[in-house]
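As structure tokens, the structure follows; a few thoughts come after it.
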Amino acid sequence: MKKSFGLVAGAALIALSSQAFAAAEVSEKIWVGKKIYDRAFGRGCGACHDISSNPQLIDLIKKGELPKDRFASVIKEGKNGMPKASAAIMAVGPVKKANYTEDQAIDAVYSYLKGLGDGSVPAGKLKKKK
Ligand code: HEC
């Protein structure tokens, strides 16, 4: 009796902890968006945008201060210290694999950042819904 309780408690703990570290399931679009954010330019957009002196994309989108058309045009044309990013985005493996157009890829990374801001996308590991 005691022994089986220990086993059950152990199994429950393992189930709980693996759930805490499991990747959340998201749509292909959100998943590709995260890959773009993490991988474009090799080190990802965050190499610059996770630095507080650079524009805080998640916050700006959340506050309604960075509409998608401006987001897209800065990516396509660059702006001061912001390099043109179209080619870097289109070179990300999952973008090629999903066969996205440039506009679909930009929409994916915008939707990912918007989702982080409104809480519909959890921070951390994500996996693509099958
Ligand atoms: C080399 C550093 C660097 C990288 C890499 C970079 N950015 Fe930027 N980005 C900047 C800087 C600096 C600015 C501010 C430009 C300005 O307004 O003068 C900026 C501005 C922007 C803006 C405009 C914000 C606004 O309020 O108008 C967007 C959108 C943006 N970046 C998206 C991205 C995305 C998406 C990626 C990844 C694909 C990326 N950036 C990668 C440095 C970078």
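The values are calculated or read from the model by the stated rules, or taken from the named source; none is laboratory data. Every value quoted in this text rests on a predicted model; they were computed, and no experiment measured them. Here the Cβ positions follow ideal geometry from the backbone for every residue, glycine too, while neighbour counts run over all protein chains shown. The protein model used for the area step is the full one, side chains on, heavy atoms only, and it has no ligands, DNA or RNA in it. Shrake-Rupley method; radii C 1.70, N 1.55, O 1.52, S 1.80 Å.
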Go through (1) touching a Leu at 6+ places or on another chain (Cβ under 9 Å); (2) open to solvent by 40 Å² or more (accessible area, probe 1.4 Å); (3) farther than 21 Å from ALA87 by Cβ one by one and return the number of the condition ILE61 breaks. (2)
One residue is enough: does the range 55-72 have a residue meeting the conditions under 16 Å from ASP103 (Cα atoms), over 17 Å from the mean Cα position of the chain (by Cα) and near the ligand (Cβ under 6 Å from one of its atoms)? yes
Taking the range 69-112 as the search range and keeping residues that are part of a loop (DSSP other than H, G, I, E, B) and open to solvent by 80 Å² or more (accessible area, probe 1.4 Å), which one is farthest from CYS48 (Cα to Cα)? ASN99
Would you be able to tell me the number of residues in the range 113-130 that are touching a Phe, Trp or Tyr at 6+ places or on another chain (Cβ under 8 Å) and not in a loop (DSSP other than H, G, I, E, B)? 4
Kindly indicate whether SER86 is more than 8 Å from the ligand (Cβ to nearest atom), out of contact with any helix residue (DSSP H, G or I) (no Cβ under 9 Å at 6 or more places or on another chain) and not aromatic (Phe, Trp, Tyr). no
Give the residue that is farthest from the chain's Cα centre (by Cα), with candidates limited to residues of the range 94-111 that are of a type in the set (Val, Ile, Thr) and within 12 Å of ALA72 (Cα to Cα). ILE106
